[in-house]
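J.: My structure is below; once you've seen it, I'll send some questions.
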Amino acid sequence: MVMLNPTSPAVDSRHPQYQEIKSRVHQALLNRLNLERLSRTRREEAEPEIRGLVADMLDTESARTPLSLFERQALVTDILNELFGLGPLEELLADPTISDILVNRYDQVYVEREGKLETVNVVFKDDAHLMRIIERIVSSVGRRVDESSPMVDARLADGSRVNAIIPPLALDGPCLSIRRFRTDKLGPQDFVDRESLTQPMLEFVQAAVGARLNIVVSGGTGAGKTTLLNLLSSFISDKERIVTIEDAAELTLRQRHVVRLETRPPNIEGKGAVRQRQLVINALRMRPDRIIVGEVRGDEALDMLQAMNTGHDGSLTTVHSNNARDALHRLDTMVAMANLNIPERAVRQQVASAIQLVVHMSRMADGTRKVTAISEITGMEGEIISMQDIFAFDRTGINEQGRVCGRFRASGIRPRCSERLSTAGFKLPAEMFEHVKVIG
């Protein structure tokens with residue numbers, strides 16, 4: 001018989017023999033353990049007993065398939081992960097450099113590191129194994145996934161957002177996506193050091209939040225909108241009452257006076273759902289100083305705009321879009337979802353009077369995230385909302401190291417909101433709006 005990996009410490013978990021041995025030992029262990037007692041026991045307390053039992057079983061297994069010391073150690077860890085965690089995912093969840101975990105099939109797993117996708121040497125035994133892990137995730141938050149409800153959103157204990165879709169909708173087997181969030185919160189200077197924006201841009205958005213301008217953060221999927229929204233929210237005074245509204249809780253506000261609201265999906269009978277629009281309406285009755293909507297994606301846009309226009313200034317939200325101008329078109333479309341037959345011009349006037357700034361975030365080809373535009377809404381010109389860029393990023397190419405080159409530049413135009421910023425105590429120097437910084 002041939003050892004699975006006789007020479008190298010690295011264990012190939014993709015090897016069919018390794019998966020088969022792990023499955024046999026795991027099942028034998030389940031037959032010997034008191035599962036009810038195990039469910040009430042912490043991993044640290046049960047680990048010595050389980051390691052001893054697994055070692056005895058592996059002594060028997062080694063007669064059939066010899067295992068190296070490293071393979072035995074890896075097998076014990078994998079089985080502990082199966083019993084107390086999320087199986088093969090535990091290794092990836094423990095890696096702080098991973099921002100996304102994407103399971104396309106049981107034997108095809110990708111991760112995103114520093115904005116770039118790469119395949120990893122992690123697999124599940126089969127579709128049934130992957131389904132067990134998905135069911136463990138969703139059941140822990142009171143959700144379910146089956147043929148009648150083949151799509152589900154959930155959240156892990158660490159706040160990571162999970163989406164699962166299974167057959168018959170997923171043709172190649174169960175599919176799992178996990179969006180992770182940093183445990184180390186990025187501070188304002190981190191954004192400057194990472195060249196996501198410049199110091200003058202940072203000072204401007206800090207003043208805008210402090211002066212209670214209504215701000216929309218726009219960008220594509222994975223562009224860093226929530227991270228930027230967390231940054232903007234950090235500039236809100238501790239003396240203000242903040243109400244956050246999200247589909248899946250992702251915001252990590254540092255203030256103490258924060259009320260967090262989250263939508264609820266329908267139950268098994270299809271009833272009991274609580275949508276974002278209902279939460280926005282309820283939030284207005286909670287005496288908020290600021291309302292932060294994690295992402296506007298439907299008819300709640302109308303209530304959000306009305307809140308911004310009726311004394312709840314300083315509100316923040318995000319929206320999916322390709323650029324700052326598209327963000328306004330998206331808001332138009334989402335207001336139309338409310339089916340109130342409001343004339344287009346009236347909707348645009350509402351948008352123009354409610355929102356002062358659109359901050360657009362983009363993910364570059366090299367995986368970095370940059371604020372590519374800070375645009376001010378200046379009013380209406382006929383049927384069109386007029387905007388002007390205060391700051392922008394112009395991409396010029398890619399250098400030999402594969403890094404994006406370009407320049408952050410100020411437009412040279414002093415924003416119309418300058419007087420409001422000044423009145424609020426933020427006197428910004430004129431040279432800030434003539435700043436240029438070349439990178440790459």
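J.: Can you tell which of ILE413, ILE377 is of a type in the set (A, V, I, L, M), touching a Phe, Trp or Tyr at 6+ places or on another chain (Cβ under 8 Å) and either open to solvent by less than 20 Å² (accessible area, probe 1.4 Å) or at pLDDT below 95 (or both)?
T.: ILE413
J.: Within the group ARG409, ARG348, ARG363, ARG325, which residue is charged (D, E, K, R) and touching a helix residue (DSSP H, G or I) at 6+ places or on another chain (Cβ under 7 Å)?
T.: ARG348
J.: Right, something else. Kindly provide the set of residues from region 225-247 that are open to solvent by 20 Å² or more (accessible area, probe 1.4 Å) and assigned to a loop (DSSP other than H, G, I, E, B), ordered by number.
T.: Of everything in region 225-247, those that are open to solvent by 20 Å² or more (accessible area, probe 1.4 Å) and assigned to a loop (DSSP other than H, G, I, E, B) turn out to be SER234, PHE235, SER237, ASP238, LYS239, GLU240, ARG241, ASP247.
J.: Which of the residues belonging to region 291-345 are outside any helix (DSSP H, G or I), exposed (fewer than 15 other Cβ atoms within 10 Å of the Cβ) and not hydrophobic (A, V, I, L, M, F, W, C)?
T.: The answer is THR310, GLY311, ASN322, ASN339, ASN341, PRO343.
J.: For region 86-121, name all the residues that are among the charged types (D, E, K, R), in contact with an Asp or Glu (Cβ under 6 Å, 6 or more places away or on another chain) and open to solvent by less than 50 Å² (accessible area, probe 1.4 Å).
T.: Of everything in region 86-121, those that are among the charged types (D, E, K, R), in contact with an Asp or Glu (Cβ under 6 Å, 6 or more places away or on another chain) and open to solvent by less than 50 Å² (accessible area, probe 1.4 Å) turn out to be ASP100, GLU112.
J.: Give the residues of region 143-155 that are in a loop (DSSP other than H, G, I, E, B), touching a strand residue (DSSP E or B) at 6+ places or on another chain (Cβ under 6 Å) and either small (Gly, Ala, Ser) or in contact (Cβ under 8 Å) with a residue 24 or more places away in the chain (or both), sorted by residue number.
T.: Result: ARG143, single match.
J.: Let me ask something else about it. Would you mind telling me which numbered condition in (1) modelled with pLDDT of 90 or more; (2) open to solvent by less than 70 Å² (accessible area, probe 1.4 Å) LYS427 fails?
T.: Among (1) modelled with pLDDT of 90 or more; (2) open to solvent by less than 70 Å² (accessible area, probe 1.4 Å), LYS427 violates only (2).
J.: Can you name every one of the helices (runs of 4 or more DSSP H) wholly within region 7-85 that holds 3 or more residues which are modelled with pLDDT of 70 or more, surrounded by 13 or more Cβ atoms within 10 Å (Cβ to Cβ) and touching a Leu at 6+ places or on another chain (Cβ under 7 Å)?
T.: Qualifying helices (runs of 4 or more DSSP H): 16-32, 43-61, 69-84.
J.: Please go through region 153-167 and give me each residue that is modelled with pLDDT of 90 or more and among the aliphatic types (A, V, I, L, M), ordered by number.
T.: Across region 153-167, the qualifying residues are VAL162, ALA164, ILE165, ILE166.
J.: Given the conditions (1) more than 14 Å from the chain's Cα centre (by Cα); (2) at pLDDT 85 or above, which single one is not true for ARG143?
T.: All conditions are met except number (2).
J.: Could you tell me which of the residues ALA410, ALA336, ALA327, ALA354 is among the aliphatic types (A, V, I, L, M) and without any contact (Cβ under 8 Å) to a residue 24 or more places away in the chain?
T.: On inspection, the qualifying residue turns out to be ALA336.
J.: Mind checking whether some residue in region 169-190 is farther than 30 Å from PHE433 by Cα, of a type in the set (Asp, Glu) and at pLDDT 90 or above?
T.: Checked against the condition, which is being farther than 30 Å from PHE433 by Cα, of a type in the set (Asp, Glu) and at pLDDT 90 or above, region 169-190 yields at least one hit.
J.: What do you reckon, is GLY187 open to solvent by less than 40 Å² (accessible area, probe 1.4 Å), at positive phi and either over 21 Å from the mean Cα position of the chain (by Cα) or not aliphatic (A, V, I, L, M) (or both)?
T.: It is false that GLY187 is open to solvent by less than 40 Å² (accessible area, probe 1.4 Å), at positive phi and either over 21 Å from the mean Cα position of the chain (by Cα) or not aliphatic (A, V, I, L, M) (or both).
J.: OK, next. Which number in (1) of a type in the set (A, V, I, L, M); (2) at pLDDT below 90; (3) within 26 Å of the chain's Cα centre (by Cα) marks the one condition that ILE342 misses?
T.: Against the list (1) of a type in the set (A, V, I, L, M); (2) at pLDDT below 90; (3) within 26 Å of the chain's Cα centre (by Cα), ILE342 comes up short only on (3).
Per-residue answers, yes or no, for (1) within 22 Å of SER362 (Cβ to Cβ); (2) of a type in the set (Gly, Ala, Ser); (3) assigned to a loop (DSSP other than H, G, I, E, B):
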{"position": "ALA164", "(1), (2), (3)": "no, yes, no"}
{"position": "PRO167", "(1), (2), (3)": "no, no, yes"}
{"position": "SER177", "(1), (2), (3)": "yes, yes, no"}
{"position": "ASP190", "(1), (2), (3)": "yes, no, no"}
{"position": "PHE204", "(1), (2), (3)": "yes, no, no"}
{"position": "VAL209", "(1), (2), (3)": "yes, no, no"}
{"position": "VAL216", "(1), (2), (3)": "yes, no, no"}
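J.: Only one of (1) open to solvent by less than 60 Å² (accessible area, probe 1.4 Å); (2) in contact (Cβ under 8 Å) with a residue 60 or more places away in the chain fails for ASN399. Which number is that?
T.: Going through (1) open to solvent by less than 60 Å² (accessible area, probe 1.4 Å); (2) in contact (Cβ under 8 Å) with a residue 60 or more places away in the chain one by one, ASN399 breaks only (2).
J.: Every residue in region 122-169 that is small (Gly, Ala, Ser) and buried (at least 17 other Cβ atoms within 10 Å of the Cβ), please.
T.: Result: ALA154, SER160, ALA164.
The values are calculated or read from the model by the stated rules, or taken from the named source; none is laboratory data. Computed from a predicted structure; not experimentally measured. Note that each Cβ is placed from the backbone with ideal geometry, even for glycine, and that neighbours are counted across all protein chains shown. When the accessible area is computed, the model is the full protein with side chains, heavy atoms only, and any ligands, DNA or RNA have been set aside. Shrake-Rupley method; radii C 1.70, N 1.55, O 1.52, S 1.80 Å.
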